[in-house]
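Chemist: Please find one structure pasted underneath; my questions will follow.
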Amino acid sequence: MTNSLTYLTNMNYFKKLLQATHTKTENRKPKTLWITFIVLATIVFAASALAQETLEAQAIRFRLIPGGWYFVGSPPNETGRYADEALSHKVNLKPFSISATEITNAQYGRFLKATGHKKPLYWEDQNLNGPNQPVVGVTWFDAVAFCRWLTKVAGVPHSLPTEDQWEAAARGGLVSQPYPWGAQAPDAGGVFRANFRTALPGAAGFPFTGLVGSFPANGYGLFDMAGNVSEWCQDRYVPLTTGGPFKPGVLRLLKGGSWINGPRDLRPAARQSAPPQYADGYIGFRVVRLPHP
């Protein structure tokens, strides 16, 4: 199976795992609520704290990536290298800012409320819909619609990152290293550096998507550039190898690997792909903002 079909394998794995962990909600009899001043005060305090947490979750933090030359791709001898990866080469990029984390459910919910856009898959799934978990179940078109809305409300152009932008940001200033943190395996020394598929499910700390920013940031202050969710990019997927059921340009590019992928897919050079109308519980996105003129 070529890497261009990775999304098919991921889809089957995700559905089996989700079905195995879902349980029926228990029916509970309503209890009498004794409304007192103390209870009301507690409720008001809790609501205030929740509102504050929600406001903080909605704020999108950006990190500036300086303009200049960046190495992208992978050397031919890199462990785990896929045949469809570009050989290591330099690209010249203009300055841009990229969101420090993947877009969260709270942030995406603000977009839904403002626009009436269709809710993504798994929006009601309690395993995946926490306010500080990354939004999943979004198509490439959904992600683009979010960027257009953000452009309108912020007055500054926003978009999905290109593959080169994403990879340059993911490397965090490192050169010739297979991972955003360096050469160590994602679980070297028993220390987990990303949310990814492990031999023991949930060993990295989360059975599904994790709270954004749960693992150390890379050199640019970006979180989860490896694992958690695979992220949509602007680019059409152009395979560097022949074969497969899809013609070049039909699929869209995904980067970063996810909670259902192994270490091989966490490398910045690794490439995945899916049809732009496809959505699943391992796919999310982050956004790029052009610097103010």
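Chemist: Under 15 Å from the Cα of residue 90, which aspartates and glutamates turn up, not counting those fewer than eight places away in the same chain?
Modeler: Qualifying aspartates and glutamates at Cα under 15 Å: 163, 164, 167.
Chemist: Once you sort the root eigenvalues of the Cα gyration tensor of the stretch 58-97 as a ≥ b ≥ c, which label holds: rounded (a/c under 1.5), prolate (a/b larger than b/c) or oblate (the other case)? Walk me through the numbers before you get to the answer.
Modeler: Details: a/c = 3.98, a/b = 1.82, b/c = 2.18.
Oblate, since a/c reaches 1.5 and b/c is not below a/b.
Chemist: Find out how many positive minus negative residues lie around residue 166, taking Lys and Arg as positive, Asp and Glu as negative, among other residues whose Cβ is under 15 Å from that of residue 166.
Modeler: Values: positive: 63, 94, 171, 236, 252, 255, 267, 271, 286, 289; negative: 85, 102, 163, 164, 167, 224, 231, 235, 265.
My count for the surroundings of residue 166 gives +1.
Chemist: Residues with beta-carbon under 15 Å from that of residue 288, excluding residue 288: net charge, scoring Lys, Arg +1 and Asp, Glu -1? Working shown, then result.
Modeler: Details: positive: 61, 63, 94, 148, 255, 286, 289; negative: 102, 163, 164, 167, 231, 235.
Cβ neighbours under 15 Å give a net charge of +1.
Chemist: Then there's this: Could you order peptides 258-268, 106-116 by the average number of other Cβ atoms within 10 Å of their residues, highest first?
Modeler: Numbers: 258-268: 23.8, 106-116: 16.8.
In descending order of packing, they fall as 258-268, 106-116.
Chemist: Using label points projected 7 Å from each Cα along Cα→Cβ, tell me how many nm separate residue 198 and residue 113, to one decimal.
Modeler: 3.5 nm
Chemist: At each listed q (0.07 Å⁻¹), what is the log10 of I(q)/I(0) that the Debye formula gives for the stretch 61-289 modelled as equal alpha-carbon point scatterers?
Modeler: Listed by q, the Debye log ratios stand at -0.20.
Chemist: Right, next: What full-extension length gain, to one decimal in nm, is calculated for residue 187 and residue 175 as 0.36 nm per residue of separation minus the Cα-Cα distance? Mind showing how you got there, number by number?
Modeler: Numbers: separation 12, 0.36 × 12 = 4.32 nm, distance 2.08 nm.
Length gained between residue 187 and residue 175: 2.2 nm.
Since every read-out is calculated from the coordinates, none of them should be taken as a lab result. Computed from a prediction, not measured in an experiment: that's the story for all the values here. Cβ atoms come from the backbone with ideal geometry, glycine included; neighbour counts cover every protein chain shown.
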